[in-house]
Every structure is written in structure tokens, then in C-alpha cells.
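Take a look at the structure set out below.
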Amino acid sequence: MKTVLIVEDDLINARVFSKILTKRGGLNVKHTENVDEVMEIAHSGEADLILMDVSLSRSVYQGQSVDGIKITQMLKSNPETAHLPVILVTAHAMEGDRENFLKQSGADDYISKPVVDHQHFVEQIIALLPKDIH
């Protein structure tokens with residue numbers, strides 16, 4: 001079973017995403033907004049995909065305040081974690097933001113909040129999950 005790591009500082013959003021992914025997607029879910037934990041999980045291979053909130057208000061890494069863009073850049077620039085698909089999630093969805101955020105961060109996809117179409121949300125995530133080769 002695939003595991004999605006939800007990096008989100010809003011617990012209500014995290015719960016909603018979690019419920020959609022487990023019920024509709026049949027996926028395992030982990031949740032944290034602790035950047036050290038995110039890095040640890042990414043390096044250990046415990047997650048198959050990361051759902052990354054763009055605006056993490058309380059996240060700090062090595063003494064610096066970081067947002068989802070910065071964390072994604074760190075993951076994508078490290079050869080050990082670069083393969084891990086990252087989907088940015090944000091409520092600040094303005095025209096042109098999607099391309100900007102994707103280009104800035106190196107993320108694989110982008111979902112805007114609130115998530116209205118649950119089925120499409122699950123499909124977007126499943127599409128980026130690594131396929132098992134038998």
C-alpha cells in the first residue's frame with residue numbers, strides 16, 4: 001500500500017485530505033508539519049508521495065523559517081529525495097501562480113484549496129505515485 005505524507009499546518013485540511021485519501025484512494029497517510037520529520041521520512045523512503053502546503057506558517061528548519069516551496073526545493077535538489085513526487089497544495093491560487101510555484105519549487109504538480117472534486121484529487125495523486133513493477 002502506498003503512503004502519502006501530508007505536510008500541512010492546518011489540522012482541518014490535513015484531516016480532510018487524510019480521509020479522502022484513505023477512503024477513496026485506499027492509501028496510507030502520514031501527517032506532519034515538522035520539517036525535520038519531513039526530511040527524515042523522505043530519506044527513509046517511508047512515503048511514496050508528499051502533499052506539500054505552500055504556506056506553512058510555523059515551519060522552521062535549521063533555525064530558518066521555511067515554506068512549502070523551500071522544503072520542496074531542498075527535497076528536489078537532493079539526489080536521495082529528488083525522485084519523490086511532490087504535489088503543492090495552496091489556497092493562494094491566482095492566475096499564473098501554478099506555473100510560478102511549480103517552476104520555483106521543482107514540484108511535480110499543484111492542487112488548489114479548497115479541494116472540491118474529491119475524485120479528481122485522488123486521481124491526481126494516484127497518477128504521480130510510483131508504479132510497482134512486477
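Please list the non-local residues whose amide H lies under 5 Å from the amide H of residue 29, H modeled 1.01 Å from N, same-chain partners needing a gap of 5 or more.
Under 5 Å from the amide H of residue 29: 4.
On the accessible surface of the chain, probed at 1.4 Å, how many percent belong to carbon and sulfur atoms? Could the numbers behind the result be given before it?
Values: 3680 of 7330 Å².
Its accessible area is 50 percent carbon and sulfur atoms.
List the aspartates and glutamates whose alpha-carbon lies under 17 Å from that of residue 76, not counting same-chain residues fewer than 8 positions away?
Leaving aside aspartates and glutamates fewer than 8 places away in the same chain, those within reach of residue 76 are 36, 37, 40, 46, 48, 53, 67, 99, 108, 109.
Run through every distinct alpha carbon pair of region 1-83 and return the Kirkwood hydrodynamic radius in angstroms, one decimal place.
Working: mean 1/r = 0.0775 Å⁻¹.
When all Cα pairs of region 1-83 are included, the Kirkwood radius is 12.9 Å.
List the residues whose amide H sits under 5 Å from the amide H of residue 110, counting only those 5 or more places along or on another chain, with H placed 1.01 Å from N in the peptide plane.
Under 5 Å from the amide H of residue 110: 88.
Taking 2.2 N^0.38 Å as the expected size of a compact globular protein, what ratio does the Cα radius of gyration of region 1-49 give against it, to two decimals?
Numbers: Rg = 10.5 Å, N = 49, 2.2 N^0.38 = 9.7 Å.
Ratio of Rg to 2.2 N^0.38 Å for region 1-49: 1.09.
Determine the shape class of region 81-133: with a ≥ b ≥ c the square roots of the Cα gyration tensor eigenvalues, call it rounded for a/c under 1.5, and otherwise prolate if a/b is greater than b/c, oblate otherwise. Before the final figure, lay out the partial values.
On the way: a/c = 2.98, a/b = 1.23, b/c = 2.42.
Oblate, because a/c is 1.5 or more while a/b does not exceed b/c.
Set the Förster distance to 30 Å, then compute FRET efficiency between residue 117 and residue 57 from the Cβ-Cβ distance, nearest 0.05.
Working: r = 26 Å, r/R0 = 0.88.
My answer for the efficiency is 0.70.
Taking springs between alpha-carbon atoms closer than 10 angstrom, which of 42, 82, 91 fluctuates most in the Gaussian network model of the chain?
91
At 222 nm, what value in deg cm²/dmol follows for the chain if DSSP H runs of at least 4 each add -39500 (n - 2.57) and the sum is divided by all its residues, to the nearest 500?
Details: 5 runs with 53 residues, N = 134.
That comes out to -12000 deg cm²/dmol.
Using amide H atoms built 1.01 Å from N in the peptide plane, name the residues 5+ places from residue 49, or on other chains, whose amide H lies under 5 Å from its own.
3, 5
Can you give me the Kirkwood hydrodynamic radius for region 30-126, using every pair of distinct Cα atoms, in Å to one decimal? If you can, show how the numbers build up before the last one.
On the way: mean 1/r = 0.0731 Å⁻¹.
Radius from the Kirkwood sum: 13.7 Å.
If the viscosity is 1.306 mPa s and the temperature 10 °C, what Stokes-Einstein diffusion coefficient in µm²/s follows for region 54-96 when Rh is the Kirkwood radius over Cα pairs? Write down the numbers at each step before the final one.
Numbers: Rh = 11.5 Å.
Roughly 138 µm²/s, to the nearest whole number.
The values are calculated or read from the model by the stated rules, or taken from the named source; none is laboratory data. What you see is a predicted model; the values in this text were computed from it and never measured. We place every Cβ from the backbone using ideal geometry, glycine too, and count neighbours over all the protein chains shown. Ligands, DNA and RNA are excluded from the accessible area calculation, which covers all protein heavy atoms including side chains. Shrake-Rupley method; radii C 1.70, N 1.55, O 1.52, S 1.80 Å.
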